[in-house]
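Visitor: Below are the structure tokens for one structure; questions will follow.
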Amino acid sequence: LLLPSLSRAKSTLNKKMWVLKCTDVPQFDALLAAADSFKADDKLHLRYLCNDSARCAGLTATVISGGRRIIFDYSRQQVTGETMEMLFDLADAVSFTDRREAMRSGAEINTTEKRSVLHHALRMPKGYEFTCPDGDKILAEVHAVRDSIEAFTEKVRSGEHVGFTGKPLKNYICIGIGGSQLGPEFVMEALRADPKAAAASKGRTLRFLANVDPVDFELCTRDLDPEETLIIIISKVRRK
């Protein structure tokens with residue numbers, strides 16, 4: 001997505017907090033010691049922890065948002081209530097809440113490129129109150145791009161947009177690195193079990209490419225007809 005205003009959002013917050021890593025504070029060492037205790041004590045194995053109803057109830061949180069219920073179940077992780085408290089202590093030690101709010105408000109937390117990190121803006125619905133410098137403008141740009149993508153994909157799905165030789169496009173290769181590859185692939189995996197999505201994808205091939213290795217490219221494309229293949233480049237970063 002091309003988001004021209006994202007890099008212009010600035011903040012005067014103290015940038016020293018971005019230098020501090022979680023491994024630099026003693027709370028991290030305490031967590032490492034706790035992890036060792038889980039390895040040494042068989043009673044802290046999940047087979048026993050999951051049978052503790054009080055523990056499981058205490059490690060479950062429910063949030064109601066937009067009429068939907070979201071359940072966070074930490075009980076299937078090898079942690080206890082004490083472990084969670086230690087994690088919260090670590091978060092406090094590195095100013096996690098301040099860092100999160102700085103990201104949301106458009107502070108330049110990417111000190112290497114001297115820019116803000118506003119990937120979350122890509123997920124905001126239209127009309128969302130975006131409390132960030134130029135927030136309304138940024139969100140308008142986001143949805144202009146999203147609307148353009150939607151219009152293009154509908155043309156591809158309907159067959160209105162075809163390949164260079166006039167053949168319908170039925171093969172799709174997504175090229176991206178990191179989250180730009182994993183994110184779309186996770187969405188695809190999640191939708192494979194959805195009957196409506198499965199029906200809509202019938203006869204189509206979707207693949208992912210995450211590096212410049214020519215062998216990997218050959219394996220990904222060798223059985224695809226170029227006349228029926230669409231290459232999609234995925235990036236969440238504005239290119240100057």
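The values are calculated or read from the model by the stated rules, or taken from the named source; none is laboratory data. All figures in this text were calculated on a predicted structure; none of them were measured in a lab. Here the Cβ is made from the backbone with ideal geometry for all residues, glycine too, and neighbour counts use every protein chain on show. Keep in mind that these areas ignore ligands, DNA and RNA; they rest on the heavy atoms of the full protein, side chains included. Shrake-Rupley method; radii C 1.70, N 1.55, O 1.52, S 1.80 Å.
Visitor: Quick check for me: using +1 on Lys/Arg Cβ and -1 on Asp/Glu Cβ, what's the dipole size of the chain about its Cα centre, in debye to the nearest 20?
Guide: Taking the Cα centre of the chain as origin, the dipole is about 720 debye.
Visitor: Tell me the Kirkwood radius of the chain: reciprocal of the mean inverse pair distance over distinct alpha-carbon atoms, in Å.
Guide: With all distinct Cα pairs of the chain included, I get 22.2 Å.
Visitor: In whole angstrom, how long is each semi-axis of the equivalent ellipsoid of the range 27-154, when you take the square root of 5 times every eigenvalue of its Cα gyration tensor and sort them from largest down?
Guide: Equivalent ellipsoid semi-axes, largest first: 39, 21, 13 Å.
Visitor: Right, another one. What is the Cα centroid distance between the range 167-237 and the range 118-141, reported in whole angstrom?
Guide: 28
Visitor: Indicate, rounded to the nearest 5 percent, the antiparallel portion of the DSSP beta bridges found entirely in the chain.
Guide: 45
Visitor: Which ³J(HN,Hα) values in Hz, rounded to whole numbers, follow from the phi angles of the range 128-134 under the Karplus curve 6.51 cos²θ - 1.76 cosθ + 1.60, where θ = phi - 60° and Gly and Pro get x?
Guide: The phi angles translate into 5, 7, 8, 7, 8, x, 6 Hz.
Visitor: Please find, in a Gaussian network model of the chain (springs between Cα atoms separated by less than 10 Å), the residue of 196, 126, 21 whose mean-square fluctuation is greatest.
Guide: Result for the chain, Cα springs under 10 Å: 196 fluctuates most.
Visitor: Now a separate question. Which residues' amide hydrogens lie under 5 Å from the amide hydrogen of residue 108, considering only partners 5 or more residues apart or on another chain, with H built in the peptide plane?
Guide: 11
Visitor: Carbon and sulfur together cover what percent of the accessible area of the range 25-72 at a 1.4 Å probe radius?
Guide: Heavy-atom surface of the range 25-72 belonging to carbon and sulfur, 1.4 Å probe: 57 percent.
Visitor: Next up: When the chain is fully extended, how far beyond the present Cα-Cα distance does residue 146 get from residue 88, taking 0.36 nm per residue of separation?
Guide: Length gained, residue 146 through residue 88: 17.3 nm.
Visitor: Same structure, new question: Which cross-chain or sequence-distant (5 or more) residues have an amide H under 5 Å from the amide H of residue 208, H modelled 1.01 Å from N in plane?
Guide: Distant-sequence amide H within range of residue 208: 174.
Visitor: Relative contact order for the range 54-189: what is it in percent, counting Cα pairs under 8 Å that are at least 6 residues apart?
Guide: It comes to 9 percent, rounded to a whole number.
Visitor: Calculate the translational D of the range 107-197 in whole µm² s⁻¹ from Stokes-Einstein, where the hydrodynamic radius comes from the Kirkwood formula applied to all Cα pairs, the temperature is 37 °C and the viscosity 0.692 mPa s.
Guide: In µm²/s, the coefficient rounds to 202.
Visitor: So what J values fall out for the range 142-157 if you push phi through Karplus, 6.51 cos²θ - 1.76 cosθ + 1.60 with θ = phi - 60°, rounded to Hz, Gly and Pro as x?
Guide: 4, 6, 5, 5, 4, 5, 5, 4, 4, 5, 5, 5, 5, 5, 5, 4
Visitor: Then there is this: Taking the 0 to 90 degree range and rounding to the nearest ten, how far is the long axis of helix 179-191 tilted relative to the main principal axis of the chain, both from C-alpha atoms?
Guide: Between helix and principal axis, roughly 80 degrees.
Visitor: Hey, another quick one. May I ask you to list the GluC sites (Glu not before Pro) in the range 113-186 that are in a DSSP loop and have at most 13 other Cβ atoms within 10 Å of their Cβ?
Guide: 113, 129, 160
Visitor: To the nearest 10 degrees, how steep is helix 26-40 against the longest Cα principal axis of the chain, on a 0 to 90 scale?
Guide: 90
Visitor: In the Gaussian network model of the chain, springs joining C-alpha atoms below 10 Å, which of 111, 62, 221 carries the largest mean-square fluctuation?
Guide: 62
Visitor: Compute the accessible area per residue over the range 21-91, keeping the other protein chains in place, probe 1.4 Å, unit Å².
Guide: With the other protein chains kept in place, the range 21-91 gives 72 Å² per residue.
Visitor: Just the number, please: carbon plus sulfur as a percent of the accessible area of the range 84-209, 1.4 Å probe, no ligands or DNA/RNA counted.
Guide: Using a 1.4 Å probe with all protein chains present, the range 84-209 comes out at 57 percent carbon and sulfur.
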